[in-house]
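Report on the structure given below.
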Amino acid sequence: MKKEGIGKNMATRIRYDSCLTLFWLMGSVIIVITILALLSIAVPELADLSHLISVATESEVIEAILVTMVAALVAVIFLVIFGTPLAYALARSSSRWTGIVENIVDIPLALPHTVAGLMVYLLFMSRGLIGAPLSSVGIVFEDAFSGIVVAMIFVSSPYYINAVREGFEKVPVHLENVARTLGSTRFHAFRKITLPLSTRHLLSGSFLAWGRAVGEFAAVIMIAYFPMVVSTLIYQRFTTGGLAESRSVAFIMILICLAVFIVFRWLTRTAG
């Protein structure tokens, strides 16, 4: 009987391994395409380091990178301040309106980028519903850093809110209820219990939102061509200077994003 049990376990393991191997082979198609895409940029750039260094030290490139990074960071800070309460409210509410709010939050996920850009432009242009009153007090969004930020916030908000909401939902409600029966307010229970237990999801949501903001092009360019972000600069270099110029800027951005990925992975392991 024991031998039969061992034989069944081995047969099950073989079947499992075969399935896993098949899945690895199928998934490797995506990995291979990604690696080939990276190599198509990296190999020519590494073969001509002098050109790469000259492009990397251009003031226009440095400025575009700084504008992109700072604007994305500001967008993430905005989402942390205003998106975290919304994510918690969605995680702890069960009214009929919750589903409607969730659908509204998810709208930017399904929109073509040009549609998202048009919506942002119509809302924040000098004659827009929000842009008009703010422009009267000197706050403008067209061809301004603030326009870049609002475009990034709009397109990246679902990534942050959904990731953080998922983290809050995983925290058992009874932990908050126990704290409240001991005299804590809901906010105190949220700050001392729910928030620390959701640290990894907060980091993950922030990173996803940051990545989405950094990579945005259409929504940004429709409201603020200047100051240039990296995606706008790459497009401008491609249309005016050709493949070599745009490829160099793209490779520099890949290196920066790779460094950010490494730091993010380290932070999530530390938080875990």
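The values are calculated or read from the model by the stated rules, or taken from the named source; none is laboratory data. Keep in mind that what you see is a predicted model, and the values were worked out from it rather than measured. Heads up, the Cβs are rebuilt from the backbone with ideal geometry, glycines too, and the neighbour counts pull from every protein chain shown. Side chains are part of the model used for accessible areas, which takes the heavy atoms of the whole protein and leaves out ligands, DNA and RNA. Shrake-Rupley method; radii C 1.70, N 1.55, O 1.52, S 1.80 Å.
Applying a length cut-off of 18 Å (Cα extent along the axis) and a mean Kyte-Doolittle floor of 0.0 to the DSSP H helices of the chain leaves 2-46, 59-92, 96-110, 145-170, 199-215, 243-271. The residues packed around residue 88, meaning those with a beta-carbon under 13 Å from its beta-carbon, carry a net charge of +2 if Lys and Arg are +1 and Asp and Glu are -1.
For residue 271, the shell of other residues with beta-carbons less than 15 Å away shows a net charge of +4, using +1 for Lys and Arg and -1 for Asp and Glu.
Adding -39500 (n - 2.57) for every DSSP H run of four residues or longer, then dividing by how many residues the chain holds, sets the calculated 222 nm ellipticity at -27500 deg cm²/dmol. Rolling a 1.4 Å probe across all protein chains gives residue 26 an accessible area of roughly 120 Å².
Its relative contact order, with pairs defined as Cα atoms under 8 Å and 6+ residues apart, puts the chain at 26 percent.
Residue 208 contributes about 80 Å² of solvent-accessible surface, heavy atoms of the protein only, 1.4 Å probe. For the chain, with all protein chains present and a 1.4 Å probe, just round the carbon and sulfur fraction of the accessible area to a whole percent. Carbon plus sulfur share of accessible area: 72 percent. Taking all Cα pairs closer than 8 Å and separated by 6 or more residues, the relative contact order of segment 143-272 comes to 34 percent. In a fully extended conformation the segment linking residue 97 and residue 139 would gain 11.8 nm over its present Cα-Cα distance, using 0.36 nm per residue. Among 204, 38, 61, whose Cα lies farthest out toward the positive end of the dipole of the chain, if unit charges sit on the beta carbon of Lys, Arg (+1) and Asp, Glu (-1)? The Cα lying farthest towards the positive end belongs to 204. In the context of the full set of protein chains, the chain has a per residue accessible area of 59 Å² (1.4 Å probe).
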